[in-house]
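Heads up: the structure comes next, in structure tokens.
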Amino acid sequence: MTFAASSPPPSAISPSTFTRRRALGAFLALPALGLLTACGGSATAGNPAVDQASLAPLATSVPAETTIKVGDPTVKVALELSGLNKELDGFKVEFANISGGPQTTEAFRANALDVGSVADIPPIHATWTGLDVRIIASAYRQDAVNHPIYELGIAPGAGISSLQELRGKKIAYSPGQAQGALVLRILEKAGLAQDDVKLVELPSTGDTYSTALASKQVDAAPLGGVQIKRYLAKYKADGGTTLRHGLRDDPGHLYSPAKVLADPAKAAALAAYVKVWGKAQRWIEDHPGEWLEGYYVKDQGLSREDGQYLIDAAGKRDVPTSWAEGIERHQQTIDLLAREQKKPQLKAGDLYDTRFEAIAGTAFAEAAKGGPA
């Protein structure tokens, strides 16, 4: 495989060769409209969905001239550190320094990206905005409730020690991103409606939420990854705390535009990438010391203490060979968002390209036992 730089697209995308870049918290810091549902895909007004049944079986080889554009910055580093990039021979991969739902969706619309790495909300919102996308790989956390990606940051003096005490409080909210959906799920668990709180729309980027908590712009906000540790270190003495929400918030997906997946050559290349992606998930888990130094310290610029905190917080990975349980949970999230955000109903299964279902999980399992490449 050849790693190459891509041409600059007309957005905030920064393409790069297979070199390290600094995009703090790209994975674990996490860690980002009318339509009709149709069999095999979600049809949008004036933009019919690709019928899943019409897609050809995945080819077992990739044409040499094929290029895929990938927005998966964390795994890019894992491939370099592990040497797994050598297993992607015969076609070109162009990595873009891009992550998160809004930027990934923008890149899809600009035809600047073929696959992106996100949580579970961006594929839903992309579909609601008329972009036909499909998930091609999924990863979760074992014991996810005890290893959450997010905790609810509580502002000093807010007087919140339980989810029920969110009533009447100001909560940071980012529609269209995982943190926003988590807020709605937390309210549902607490038996509260949106009218029972004040949702304050803020972008969930960088330390925006920590700053909003410290300044008491909001009383509560979902904090992810190392932001949890840093918030407590900086504001605990002033009364800042965090609260566990007791929900699963762990989905991580690769997703692609359906029109890309309808291209047999690109689909074959993406299948090869998903296989190596599954192996990379295992390599990260099995080589915590190398991952700490190579990714968190050298690539992300974190301290060893912060990097180890993120490794410990993540626990063990779960890369399934069946998507059934994940799709069921995804449907619950869709139902909640459709109701609370007044969006059309979707069928979660239509967001997944089932040709890819077992690829990543099989590679993850075989890598653990030294199975076939």
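Candidates in the stretch 214-225 are the residues that are out of contact with any Pro (no Cβ under 8 Å at 6 or more places or on another chain) and hydrophobic (A, V, I, L, M, F, W, C); of these, the one that is surrounded by the most Cβ atoms within 10 Å (Cβ to Cβ) is Ala221.
Looking only at residues of the stretch 59-95 that are in contact with a Lys or Arg (Cβ under 8 Å, 6 or more places away or on another chain) and among the acidic types (Asp, Glu), we find that the one that is farthest from Lys275 (Cα to Cα) is Glu94.
Yes/no per residue for (1) outside any strand (DSSP E or B); (2) modelled with pLDDT under 95:
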site	(1), (2)
Ala32	yes, yes
Leu58	yes, no
Ala64	yes, yes
Thr74	yes, no
Ala78	yes, no
Val93	no, no
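Among the numbered conditions (1) within 15 Å of the chain's Cα centre (by Cα); (2) buried (at least 24 other Cβ atoms within 10 Å of the Cβ), the only one that Asn97 does not meet is (2).
Residues in the stretch 188-205 that are open to solvent by less than 70 Å² (accessible area, probe 1.4 Å) and under 22 Å from the mean Cα position of the chain (by Cα) were compared, and the one that is modelled with the highest pLDDT is Leu202.
One line per residue, one yes/no per condition, for (1) closer than 20 Å to Val226 by Cα; (2) basic (Lys, Arg); (3) open to solvent by less than 30 Å² (accessible area, probe 1.4 Å):
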site	(1), (2), (3)
Lys275	no, yes, no
Gly278	no, no, yes
Pro288	yes, no, no
Gly294	yes, no, yes
Asp312	yes, no, no
Lys316	yes, yes, no
Ser322	no, no, no
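For Ile98, the test of being over 17 Å from Ala272 (Cβ atoms) and among the hydrophobic types (A, V, I, L, M, F, W, C) is passed. Those strands (runs of 3 or more DSSP E) of the stretch 128-205 in which 3 or more residues are under 25 Å from Tyr235 (Cβ atoms) occupy 150-154, 170-173, 198-201.
The values are calculated or read from the model by the stated rules, or taken from the named source; none is laboratory data. In this text the structure is predicted, and so the values were computed from the model without any measurement. Every residue, glycine among them, receives a Cβ derived from its backbone with ideal geometry; neighbour counts consider all protein chains shown. What goes into the accessible areas is simple: the full protein's heavy atoms, side chains included, and nothing from ligands, DNA or RNA. Shrake-Rupley method; radii C 1.70, N 1.55, O 1.52, S 1.80 Å.
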